[in-house]
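Okay, structure first, notes after.
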Amino acid sequence: MNGSKHIAVIGLGYVGLPLALAFADAGFVVSGVDIRATHIALLKQGRNPLDKLEPELARLIAKHQNSGRVNLTTDHYEAVIGADAVFVCVATPIEKSGMARWIDLGNALAAIAPHVRDNALVSIESTLAPGIMYSLVVPILRNGRNPRPELAIVHAPERLTPGKLLSNLKYVPRVIGGVFPGDAEIAAPYYRAICKAPIYLTTAPVAEIVKTAENAYRDVQIAFVNELARLCEILGVDVFEARNLINTCPGRDLLLPGPGVGGHCLPKDGLLLLSSITDSAPSVIRAARQINDSMPALVFERIIDLMGEKSEKYRVALLGLAYKADSADTRNSPTRQVARLLANRYGDVIIHDPNIQGLDESLATILNGVDLAVIMVGHTEYKQADWPALVKRMRAPVIFDTRGTLKEVDLGGGVYHVLGNPRGTK
Ligand code: SAJ
């Protein structure tokens, strides 16, 4: 399959934008639509509205600004009219109440349904709760006609990580779940045109489970090691040392404990997976959410303990606002929660992040006169910093490491505490 095909991408965020650019780069004619006029305006100027740490994304935006292969619009009709395939990439978030919000997806589908041409493919890349393809997506797309043979509909859930959007698209295997027999086979050549990894064909309900369960599983794994960290705190055992030794046993791959689970996917996908469960049976997925959500408060308590009596006058610096290492993405950042708890109690709190404009002063400036530096994210810059020089600038050279990032680093006499070991100093 090649560029003689015209595709439309609905929603140009973390998922839709790299997808649209990958198709354009593979020679397809692409129409991209987003309801955010400012977002479209930035893209039309050749500017990258997303992850500043992904240079390849910026390069492709600039490359296709005038390539004639990418048309950007806020008008759904203009985007989908005549398209051979439509890829729906709108966000499907969870409300504060814990309920999934389907309104954005529903609105996007309703906006395109009357205009998608007969025999076109519609692929839903947005993460869905089990059952949503049949209960929401197909009825809206049907819009008074039979979806088959007039439309092929699949769920091909995205598997992208900020910072690696384009390489994930190319090298991470894809799962395509068809609504009717034959639909997944119609979608496969489109994905083969942009993805070098294996492509697995299945049914829509299986694809719904696969996507939400792969992230729920990761959340549960992180919760396990976070629970272990909490236990080790009580027992005075170094959780990072214990973890390394546990992982010497074949088949044990404990993830890393930390100050909580942020990002767009992990905090919500387990809840989406559970959303059709109405009974109150015990749930390891729900328990994992509670454990991971409790971590910022645990970090806050440790900070209070470390500040001790002098806490009112202490200056604390939280190092890292991104939700994970070497990223500039702050969605659901655990650091924000710790900062809020600290601010409620003491007022100002210093936050640093080398990847975020406005928070990227030098560590030497940030740590000047600080009593406690808290490593919230394992950014490479923190691993590679000249700590013996930095601790000299601190008023009290105390470092609390919630990620184990500095365990092997020379701190030049700084007092080191690590999450999961209250007595853990170097
Ligand atoms: N985290 C830990 N300990 C770990 C790993 C992660 O505390 O050992 C925390 C991170 O700091 C972060 C959160 O969990 O706050 C999520 O981290 P993540 O590495 O899982 O990254 P995400 O949220 O970007 O997850 C994405 C997922 N991809 C999609 O949803 C398409 C996930 O399935 C991938 O496994 C992950 O990227 C990845 O490995 O890059």
key: Prolate/oblate/rounded call for segment 285-394, Cα gyration tensor, a/c under 1.5 rounded   = oblate
request  = For residue 96, list the aspartates and glutamates whose Cα falls under 18 Å from its own Cα; do not include residues on the same chain fewer than 8 positions away.
outcome  = 104, 269, 293
query = Considering only protein heavy atoms and a 1.4 Å probe, what is the carbon-and-sulfur percentage of the accessible area of segment 20-96?
reply = 54 percent
task = Measure off 7 Å from each Cα along the Cα-to-Cβ vector at residue 386 and residue 81, then give the distance between these two points in nanometres to one decimal.
result = 6.3 nm
inquiry  = Applying a 10 Å radius around every beta-carbon, put 121-128, 391-398, 321-328 in order of their mean neighbour count, most first.
reply    = 121-128, 321-328, 391-398
query = Can you give the alpha-carbon Rg of segment 348-426 over 2.2 N^0.38 Å, where N counts its residues?
reply = 1.01
note = Per residue, accessible area of segment 79-227 with a 1.4 Å probe, heavy atoms of protein chains only, in Å², comes to 39 Å²
message = So if each residue of separation counts as 0.36 nm, and I subtract the Cα-Cα distance between residue 210 and residue 65, what length gain in nm does that give?
response = 48.7 nm
task = Round to the nearest 0.05 the FRET efficiency obtained for residue 331 and residue 150 when R0 = 35 Å and r is the Cβ-Cβ distance.
result = 0.40
inquiry  = If I fit a long axis through the Cα atoms of helix 204-235 and take the longest principal axis of the Cα atoms of the chain, what angle between them do I get, 0 to 90°, rounded to 10?
reply    = 0 degrees
request  = With the Cα gyration tensor of segment 89-152 in hand, give its eigenvalues times 5 under a square root as the equivalent ellipsoid semi-axes, listed largest first in whole angstrom.
outcome  = 23, 11, 10
query = Counting only heavy atoms of protein chains, what accessible area per residue, in Å², does segment 274-403 have with a probe of 1.4 Å?
reply = 48 Å²
key: Ranked packing of 108-119, 258-269, most packed first, by mean Cβ within 10 Å   = 258-269, 108-119
key: Net charge, residue 266 excluded, C-beta distance under 15 Å - Lys, Arg +1, Asp, Glu -1   = +2
inquiry  = When a/c reaches 1.5 or more, the comparison of a/b and b/c decides; with that in mind, is segment 96-245 rounded, prolate or oblate per its Cα gyration tensor?
reply    = prolate
Extreme residue, positive dipole direction of the chain, given options 126, 14, 222 (C-beta unit charges) = 14
query = Computed over the Cα atoms, what is the radius of gyration of the chain divided by 2.2 N^0.38 Å, N being its residue count?
reply = 1.09
ask   = By the gyration tensor of its Cα atoms, with a ≥ b ≥ c the square roots of the eigenvalues, what is the shape of segment 13-74: rounded for a/c under 1.5, prolate for a/b over b/c, or oblate?
value = rounded
query = So which trypsin sites (Lys or Arg not before Pro) in segment 194-232 end up in coil per DSSP with only 16 or fewer other C-beta atoms within 10 Å?
reply = 196
key: Using alpha-carbon coordinates, inclination of helix 16-25 to the longest axis of the chain, degrees   = 60 degrees
remark   = Counting Lys and Arg as +1 and Asp and Glu as -1 over every other residue whose Cβ sits under 10 Å from the Cβ of residue 94, the net charge comes to +1
query = Zone of residue 170 (label point 7 Å along Cα→Cβ, backbone N under 16 Å): which residues in segment 1-45?
reply = 18-28
ask   = Taking the Cα centre of each part, how many Å lie between segment 268-344 and segment 1-64?
value = 33 Å
query = What is the helix-to-structure angle for 284-307, meaning the angle in degrees between its Cα long axis and the longest Cα principal axis of the chain, kept from 0 to 90 and rounded to the nearest 10?
reply = 30 degrees
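The values are calculated or read from the model by the stated rules, or taken from the named source; none is laboratory data. Fair warning: this is a prediction, and the values are worked out from it, not measured in the lab. A quick note on method: Cβ atoms are made from the backbone with ideal geometry, for glycine too, and the neighbour counts reach across all protein chains shown. Only protein heavy atoms, including side chains, enter the accessible area calculation; ligands, DNA and RNA are left aside. Shrake-Rupley method; radii C 1.70, N 1.55, O 1.52, S 1.80 Å.
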